[in-house]
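Before any comments, here is the structure.
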Amino acid sequence: MPSFWSAFANPHQFFKLTHRLAPACYALGGALILFGLMQGLFMVPSDGAQGGDVMRIMFLHVPSAWLAMASYLGLAIASFIWFIWRHELADSAAKAIAPLGAVWTALCLITGSIWGKPTWGTWWQWDDARMMSVLFLFFLFLGYMALRAAMETRQKAARAGAILAMVGAINVPLIKFSVDLFTSLHQGPSVITADGPKMASVYLVPLIASAIGHTLLFAGLVMTRMRTDIRERRASQILVRQETPHGL
Amino acid sequence: MDFDFDKNAAFIWAAYAIGFVMILGAALHTLISARAAKAKLERLEKL
């Protein structure tokens, strides 16, 4: 009996597994996002120390920030797996993650900017370490997609993209520790700290629910994009076979 | 439920509206591409 993990190695088994897993991720992810949204927007008390009601943007901004970093790490890990073992599903995963990672990183930047204006009096600060490192992350996602698109063959695209993705992974810990190491308007960590979360549970519960919801939705979309990639490659193979004269 | 936000209500609604559009756009693009790829492969496999 094939193991659960072997489904991520075999395209046929991957298809069978994700046929049900992707919709389940959409359903559960959507429900958790909705829960986080309702709680964050309408139920939790506003926090005067955090600027009043504007802190409610946190329930969208923070999950998108976490997912921006996590998705890039996912891209880097998938690229590493492809680079070492030349596993095609790993390349499909990397190709699927990049555009979605770019979307969530852009969402982090935009919501952060909107939150920043009433809080700090500015939409953007070019010498802010946190803002610039996340902007760089966004450019890394775009650069990865552009680099792949510029290559003549899939193999070359996978190889070039994998190298960029792995090298760019250094940016993720830079983002995480930027507020501690460099000048930043951004507040320090309040959830993942050495002494545990500093946030009250009334805010922490919807925040974590929202983050899990976004992650599940993201995972479902990645699986769907991988299925699309596998189908497109199969279609290409059929077309090549049709165009190749018999005996050649 | 408290629907009454303070003076920064416009910022809150703008952030969530943009978030909704972006996530919905990503999801729709993914699902439409998936459907098109599936239809194309089924057509080719029938030939």
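Counting just the residues of chain B that are among the basic types (Lys, Arg) and facing chain A (nearest Cβ under 7 Å), which one comes out surrounded by the fewest Cβ atoms within 10 Å (Cβ to Cβ)?
Here the answer is B:Lys38.
Would you mind finding the one in A:Leu28, A:Leu32, A:Leu75 that is under 18 Å from B:Leu24 (Cα atoms), open to solvent by less than 70 Å² (accessible area, probe 1.4 Å) and at pLDDT 90 or above?
A:Leu32
So in the stretch A:35-54, with the set limited to residues that are of a type in the set (A, V, I, L, M, F, W, C) and within 9 Å of chain B (Cβ to nearest Cβ), which one is surrounded by the most Cβ atoms within 10 Å (Cβ to Cβ)?
Here the answer is A:Val54.
Can you find, within the stretch A:9-23, the residue that is nearest to the chain's Cα centre (by Cα) among those that are touching a residue at least 12 places away in the same chain (Cβ under 8 Å) and in a helix (DSSP H, G or I)?
A:Ala22
The values are calculated or read from the model by the stated rules, or taken from the named source; none is laboratory data. All of these numbers come straight from a predicted model, not from anything done at the bench. Cβ sites come from the backbone with ideal geometry, for glycine too, and all protein chains shown count toward neighbours. The area values use the complete protein model at the heavy-atom level, side chains included, leaving out ligands, DNA and RNA. Shrake-Rupley method; radii C 1.70, N 1.55, O 1.52, S 1.80 Å.
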